[in-house]
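Reading through the structure tokens given below for one structure.
The values are calculated or read from the model by the stated rules, or taken from the named source; none is laboratory data. Model, not experiment: these values are computed from the prediction. Cβ placement follows ideal geometry from the backbone for every residue including glycine, while neighbour counts extend to all protein chains displayed. Remember, those area values only see protein heavy atoms, side chains included, never the ligands or the DNA or RNA. Shrake-Rupley method; radii C 1.70, N 1.55, O 1.52, S 1.80 Å.
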Amino acid sequence: MAAFRFVLLALCLLLPLLLLGGWKRWRRGRAGQHVVAVVLGDVGRSPRMQYHVLSLAKHGFSVTLLGFCNSKPRDELLQNNRIQIVGLTELQSLAVGPRVFQYGVKVVFQAVYLLWKLMWSEPGTYIFLQNPPGLPGIAVCWFVGCLCGSKLVIDWHNYGYSIMGLVHGPNHPLVLLAKWYERFFGRLSHLNLCVTNAMREDLAENWHIRAMTVYDKPASFFKETPLDVQHRLFMKLGASHSPFRARSEPEDPAMERSAFTEWDAGSGLVTRLHGRPALLVSSTSWTEDEDFSILLAALEKFEQLTLDGHNLPSLVCVITGKGPLREYYSCLIRQKRFQNIQVCTPWLEAEDYPLLLGSADLGVCLHTSSSGLDLPMKVVDMFGCCLPVCAVNFKCLHELVKHDENGLVFEDSEELAAQLQMLFSNFPDPAGKLNLFRKNLQESAQLRWDESWVQTVLPLVTDT
């Protein structure tokens, strides 16, 4: 209890100083239109909030973005003189006391620390907060908004308590407390955005919170990758990941070859290799709401079909991302003895990720949503690159994936394996289903993020 008492004492001693410092800054005046954006997570792995910040800056706002800087954000953020990124320090887990105590100390520390950072930042007309994680962010941002006259905007990506429930169980006291907290403080916000109509309806019916649906949309840099850029990407990735390397060296020294492409130095022409492997891509945050054993089981069935003589290509399966279960699944992957399938799990630079999606043949999504109310942004990005997708089914997936139109929906590994067999039969087949899905995506009038943001969010933040 000594550590907990120390944190409470520190809070009591620091609070007057925090408020005094913030009051002094607030009294200096609030020139121009300024917004504070808060992510109690890794900024580099929070694309939707990066897009919010970029859109705000593009439309005349200056922005202070507070968040953890564990991975590099997009260059557009770093190079924009209207955007200031303020790095937050994350308290690592304590090694003493029960887990509930450790979690309580961490929350109190984050509350004090975030309060200090916000009160010493330039106050904004709005405070944009990503939720989850919303504990303790919602309460702290609401409190600072009351002091500085800022309006709190919560962008509901999911429910934080539902994610906690995957680890602790839905009836754990911490989960129930987190649910009460989100519901109580969520009602105190000025504006609410959410990612699906299903979530909007749930917030209204069960939480009495009015929200506007702002669907995730691909940014402009998610597009099909030109063949010469694909080749450079494959050569770059091949330096550290063997599945991207050529299976054999070209006889002509003027030729440069990857596993998928070949470049003629004399003519500058890039061509796809005959008999190349199919490139399958999935991205993940390696959390409990994505079961990659489904994909691994489907790959085993696909491998057996290949060994049985079916006309199927070899596969390169790339699974990108960082997260707590990455090492667990990497260990499972290493135990597989595939002959015609290669699997790698790179962490890509922010600029390389859209290039990879735009170079792939098929995307696979295993996101199931802890609440059943959010949609996988990775599929949005894949569609922006005109990349067909196979996605595991859940409650509101139909708001994004149209079965047999822009992709396929599956329930289990058996169904996914059958879909892989159907899509990759006689690969590459110009008349096949895979090309039909890609053509449908190319011909669809996809709204991009900034166009959608101008129609939905901009009127809300300019109507002050």
statement: For residue 378, counting only lysines whose alpha-carbon sits under 19 Å away and dropping same-chain residues fewer than eight positions off, the answer is 72, 217, 223, 322, 395, 402
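Within region 227-444, what percent of beta bridges assigned by DSSP are antiparallel, to the nearest 5? Numbers along the way, then the final one.
Numbers: 8 of 28 bridges.
Here the share of antiparallel DSSP bridges comes out near 30 percent.
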- prompt: With the Cα gyration tensor of region 290-352 giving a ≥ b ≥ c as the square roots of its eigenvalues, does the rule (a/c under 1.5 for rounded; else a/b larger than b/c for prolate; else oblate) give rounded, prolate or oblate?
  reply: prolate
task: Give the distance, in whole Å, between the Cα centre of region 122-188 and the Cα centre of region 383-430.
output: 34 Å
task: With label points built 7 Å along Cα→Cβ from the Cα atoms of residue 451 and residue 228, find their separation and express it in nm.
output: 2.7 nm
Set of aspartates and glutamates near residue 236 by C-alpha distance (under 15 Å), chain-local residues within fewer than 8 positions excluded: 228, 256, 262, 349, 351, 352
query: Given a 1.4 Å probe, how much area per residue of the chain is accessible, in Å²?
result: 45 Å²
- prompt: Going by alpha carbons, how many degrees (0 to 90, nearest 10) lie between the helix axis of 99-119 and the longest principal axis of the chain?
  reply: 70 degrees
statement: Surrounding charge for residue 441, neighbours by C-beta under 10 angstrom, Lys/Arg +1, Asp/Glu -1, total -1
statement: Counting only residues 5 or more apart in sequence or on a different chain, those whose built amide H sits under 5 Å from that of residue 38 are 66, 128, 129, 130
query: Which whole-Hz couplings ³J(HN,Hα) result when phi for each residue of region 265-273 is put into the Karplus expression 6.51 cos²θ - 1.76 cosθ + 1.60, θ = phi - 60°, listed in order with x for Gly and Pro?
result: 5, x, 9, x, 7, 10, 10, 7, 6
With 5 Å bins from 0: P(r) over region 261-368, alpha-carbon pairs, percent: 2, 10, 19, 21, 19, 13, 8, 4, 2, 0, 0
task: Among DSSP beta bridges whose residues both lie in the chain, state the antiparallel percentage, nearest 5.
output: 15 percent
- request: Quick one: go through region 285-303 and flag any residue whose amide nitrogen is under 16 Å from the point 7 Å out along the Cα-to-Cβ line of residue 90.
  value: 285-288
field: Cα long-axis angle, helix 173-186 against the chain (0 to 90 degrees, to the nearest 10)
entry: 70 degrees
field: region 186-259: mean projected area of Cα convex hull, nm²
entry: 8.7 nm²
task: Could you tell me how many degrees, from 0 to 90 and to the nearest 10, lie between the Cα long axis of helix 137-148 and the main elongation axis, the longest principal axis, of the Cα atoms of the chain?
output: 50 degrees
Protein accessible area in region 152-242, 1.4 Å probe - carbon and sulfur %: 56 percent
- request: Please report the Cα spread of region 227-444 along all three principal axes, rounded to whole Å, starting with the longest.
  value: 55, 40, 39
statement: Between residue 190 and residue 433, the two model label points (7 Å from Cα along the beta-carbon direction) sit apart by a distance in nm of 5.0 nm
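Using per-residue counts of other Cβ atoms within 10 Å, averaged over each peptide, order 371-378, 426-433, 412-419, 68-75 from highest down. Intermediate values should be presented prior to the final figure.
Values: 371-378: 23.5, 426-433: 13.1, 412-419: 17.9, 68-75: 16.1.
Listed from highest to lowest mean packing, they are 371-378, 412-419, 68-75, 426-433.
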task: Would you mind checking which residues have amide H under 5 Å from residue 314's amide H? H placed 1.01 Å from N; only 5 or more apart, or other chain.
output: 278
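Rounded, prolate or oblate: pick one for region 354-445, where a ≥ b ≥ c are the square roots of the eigenvalues of its C-alpha gyration tensor, a/c under 1.5 means rounded, and failing that, prolate if a/b is larger than b/c, else oblate. It would help to have the intermediate numbers written out before the result.
Working: a/c = 1.84, a/b = 1.30, b/c = 1.42.
Verdict is oblate for region 354-445.
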- request: For region 107-222, just say rounded, prolate or oblate: build the C-alpha gyration tensor, square-root its eigenvalues into a ≥ b ≥ c, call rounded for a/c under 1.5, and beyond that prolate if a/b exceeds b/c, oblate if not.
  value: oblate
